[in-house]
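Structure first, commentary second.
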Amino acid sequence: MAELLDPTEIFYTAYEPKMSNRFIMYIEGIPAYLVKAASRPSIDQGEVILDHINVERKLKGKSRWQDVTVTLYDPVVPSGAQAVMEWVRLHHESVTGRDGYSDFYKKDITFNTLGPVGDKVEEWTLKGAFISSATFGDMDWATEDPIQIELTLKYDYAVLQF
């Protein structure tokens, strides 16, 4: 005899989707309103292969959190480039050639997804984040685009709080 589906699986259920333009990101030293775009955390589960005669058995390997990219506006005041460079100088000081301790340059970053009325509906914390690369934008007389800064951030791990 055919199995009938539950009516809750067949009929449409109304829901409010999370929208990609409703977010706020808090990075110490960088005003939140400068953050134009950011990728959400992603994880890659490595693989361990156990060989046995003619077959393979696969297990989960190391978990690796993937880089996050952040796009910032660069206003005249406060300068987004200056804010980023202050963080970069905690990693490496170009004038002296000295590197910084990880306790100084690694930061915890909070990433909130907002609901339609501005309520926090999701919160990620990126633990131990630091700048892997920073691109300070291009200049071009033929465009009217605002200058943007692109950051690639590496981090130890992410926690989905709610």
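Computed from the coordinates by the stated procedures, all read-outs in this text should not be read as laboratory data. Because the structure is predicted, anything quoted here is derived from the model rather than measured. Every residue, glycine as well, gets a Cβ built from its backbone with ideal geometry; the counts of neighbours run over all protein chains shown.
Observations
- Cleavage-rule hits, chymotrypsin sites (Phe, Trp or Tyr not before Pro), the range 1-104, DSSP coil, Cβ neighbours within 10 Å at most 16: Phe11, Tyr12, Tyr15, Tyr101
- Cα radius of gyration and Dmax for the range 93-162 (Å): 16.9, 48
- Magnitude of the charge dipole for the chain, about its Cα centre and with charges confined to Cβ atoms of Lys, Arg (+1) and Asp, Glu (-1), is about 460 debye.
- The chain - mean residue ellipticity at 222 nm from DSSP helices (-39,500 (n - 2.57) per run, n ≥ 4, rounded to 500): -3000 deg cm²/dmol
- For the range 30-76, the Kirkwood estimate of hydrodynamic radius, built from reciprocal distances between every pair of different alpha carbons, is 14.1 Å.
- Debye equation applied to the C-alpha atoms of the chain, log10 I(q)/I(0) at 0.11, 0.17, 0.19 Å⁻¹: -0.64, -1.08, -1.22
- Note that the range 5-20 has calculated 3J(HN,Hα) couplings of 7, 5, x, 5, 7, 8, 7, 5, 10, 5, 8, 9, x, 6, 9, 5 Hz, one per residue in order, obtained from phi through the Karplus relation 6.51 cos²θ - 1.76 cosθ + 1.60 (θ = phi - 60°); glycine and proline are x.
- Cβ-based charge dipole, the chain, positive-most Cα from Gly97, Trp87, Ser39: Gly97
- Across the cross-link table entries Lys58/Lys107; Lys58/Lys127; Lys36/Lys106; Lys36/Lys107, which are compared at the Cα atoms, the separations over 27 Å belong to Lys58/Lys107; Lys58/Lys127.
- Ranked by how many other Cβ atoms sit within 10 Å of their own Cβ, fewest first, the residues Val55, Val68 fall in the order Val55, Val68.
- Computing FRET efficiency as 1/(1 + (r/R0)^6) for Thr152 and Ile24, where r is the C-beta to C-beta distance and R0 is 30 Å, gives about 0.90.
- Among Ala2, Val117, Met25 - extreme Cα towards positive end, dipole of the chain, charges at beta-carbon: Met25
- Dipole magnitude for the range 82-151: about 420 debye, using +1 per Lys or Arg Cβ and -1 per Asp or Glu Cβ, origin at the Cα centre.
- Acute angle (nearest 10 degrees) that the helix 80-91 long axis makes with the longest principal axis of the chain, alpha-carbon atoms: 80 degrees
- A dipole drawn for the chain from +1 and -1 charges on Cβ atoms has a positive end, and of Thr135, Phe162, Thr13 the residue lying farthest that way is Phe162.
- Across all Cα pairs in the range 1-85, the calculated P(r) in 10 Å bins from zero up to the longest distance comes to 12, 22, 17, 22, 17, 8, 2, 0 percent per bin.
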